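Q: A single structure is presented below for examination.
The values are calculated or read from the model by the stated rules, or taken from the named source; none is laboratory data. This one's a predicted model, so the numbers in the text were calculated from it and none came from an experiment. Cβ coordinates were reconstructed from backbone atoms using ideal geometry, including for glycine residues, and neighbour counts include every protein chain displayed.
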Amino acid sequence: MSPEDRLDELEEALEEHLEDFEDCQWERALSQVTLTVPRERLVEVMKLLREKRALAFEQCTDVCGVDYATYGESEWVTSNAANSGFGRGASREPSGEMDPQNRFAAVYHLLSVSNNVRLRVRTFLDADRPIVDSVVDIWSGVNWFEREAFDLYGIMFRGHPDLRRILTDYGFIGHPFRKDFPLIGQVEMRYDPDQGRVVYEPVSIEPRTLVPRVIREDSRYEAGWKPEPSAEEAE
């Protein structure tokens, strides 16, 4: 059976077993099916995806977070001339046009070994309280995945047995994968020989993002410029 045929069967199984979940939607693109589930029904749908034989998603291979604060925007767009060199700094501040009810998303990647097919499950979370129920009781392997999403995005998983940071340092402030987290960070550290220990201080780096380098004062940018003819062309 071809991969596309397996996806056809997956969509048929979803249509059959999710007929009572009218608020669940899925789309198929780039040989991948993405199922969007409301946060309040996530655990119920996840149990169904694992237990139904036609679906049989025995494994959750990854859980990650997404921040849609600047979705569709480009930090490299500037208003200055194209040949003004390194003087252009692009702003990374969110535009403020995001939907506060759907700023974050928790994304789960499921694998059915029995049916040899994969499924992406996504649930949207609000900006102020990005909380969703943990699925660690369904797939115990997501324990560290959910901790990583909490550490980097601040997504909280209700019912997780040990929800604490897993990648950042002790006492770290903020969540570094959020779009409003500064690239330079919030503190810098150095060794102080007088105190004989590492000390933390406010960041002293200027917060800016440089665009790719361009050539300055190049005649090719001047209006009406044409290359000079070679000696053979002149003859």
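Per-residue answers, yes or no, for (1) in a helix (DSSP H, G or I); (2) modelled with pLDDT under 95; (3) surrounded by 15 or more Cβ atoms within 10 Å (Cβ to Cβ); (4) of a type in the set (Asp, Glu):
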{"site": "7", "(1), (2), (3), (4)": "yes, no, yes, no"}
{"site": "12", "(1), (2), (3), (4)": "yes, no, no, yes"}
{"site": "23", "(1), (2), (3), (4)": "no, yes, no, yes"}
{"site": "26", "(1), (2), (3), (4)": "no, no, yes, no"}
{"site": "43", "(1), (2), (3), (4)": "yes, no, yes, no"}
{"site": "49", "(1), (2), (3), (4)": "yes, no, yes, no"}
{"site": "57", "(1), (2), (3), (4)": "no, no, yes, no"}
{"site": "61", "(1), (2), (3), (4)": "no, no, no, no"}
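One line per residue, one yes/no per condition, for (1) buried (at least 19 other Cβ atoms within 10 Å of the Cβ); (2) modelled with pLDDT of 95 or more:
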{"site": "102", "(1), (2)": "no, no"}
{"site": "109", "(1), (2)": "no, yes"}
{"site": "132", "(1), (2)": "yes, yes"}
{"site": "145", "(1), (2)": "yes, yes"}
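Q: In addition: Please report, ordered by residue number, the strands (runs of 3 or more DSSP E) entirely within the range 155-235 with at least 1 residues that are hydroxyl-bearing (Ser, Thr, Tyr), at pLDDT 90 or above and loosely packed, with under 13 Cβ neighbours inside 10 Å.
A: Filter on the range 155-235 gives 187-192.
Q: Which condition number in (1) over 27 Å from residue 56 (Cα atoms); (2) free of Cβ contacts under 8 Å to residues at least 40 places away in the same chain; (3) not hydroxyl-bearing (Ser, Thr, Tyr) is the one that residue 152 fails?
A: Here residue 152 meets the rest and fails (2).
Q: Within the range 116-126, how many residues turn out to be surrounded by 17 or more Cβ atoms within 10 Å (Cβ to Cβ) and either part of a loop (DSSP other than H, G, I, E, B) or of a type in the set (S, T, N, Q) (or both)?
A: Of the residues in the range 116-126, 1 are surrounded by 17 or more Cβ atoms within 10 Å (Cβ to Cβ) and either part of a loop (DSSP other than H, G, I, E, B) or of a type in the set (S, T, N, Q) (or both).
Q: Might you let me know whether the range 17-32 holds any residue that is among the basic types (Lys, Arg) and over 29 Å from residue 126 (Cβ atoms)?
A: no
Q: Quick one: which residue in 96, 65 is under 23 Å from residue 184 (Cα atoms) and either over 21 Å from the mean Cα position of the chain (by Cα) or modelled with pLDDT of 95 or more (or both)?
A: Result: 65 is the single residue among 96, 65 that is under 23 Å from residue 184 (Cα atoms) and either over 21 Å from the mean Cα position of the chain (by Cα) or modelled with pLDDT of 95 or more (or both).
Q: Evaluate the following for residue 113: is it under 25 Å from residue 14 (Cβ atoms), surrounded by fewer than 20 Cβ atoms within 10 Å (Cβ to Cβ) and hydrophobic (A, V, I, L, M, F, W, C)?
A: So residue 113 passes the test.
Q: Given the structure, is residue 151 among the acidic types (Asp, Glu), in contact with a Leu (Cβ under 9 Å, 6 or more places away or on another chain), surrounded by 12 or more Cβ atoms within 10 Å (Cβ to Cβ) and modelled with pLDDT of 95 or more?
A: The answer is yes for residue 151.
Q: Out of (1) touching a Phe, Trp or Tyr at 6+ places or on another chain (Cβ under 6 Å); (2) over 23 Å from residue 35 (Cβ atoms), the odd one out for residue 180 is which?
A: All conditions pass for residue 180, except number (1).
Q: Which residues, taken from the range 9-35, are within 26 Å of the chain's Cα centre (by Cα) and in contact (Cβ under 8 Å) with a residue 24 or more places away in the chain?
A: 10, 14, 31, 32, 33, 34, 35
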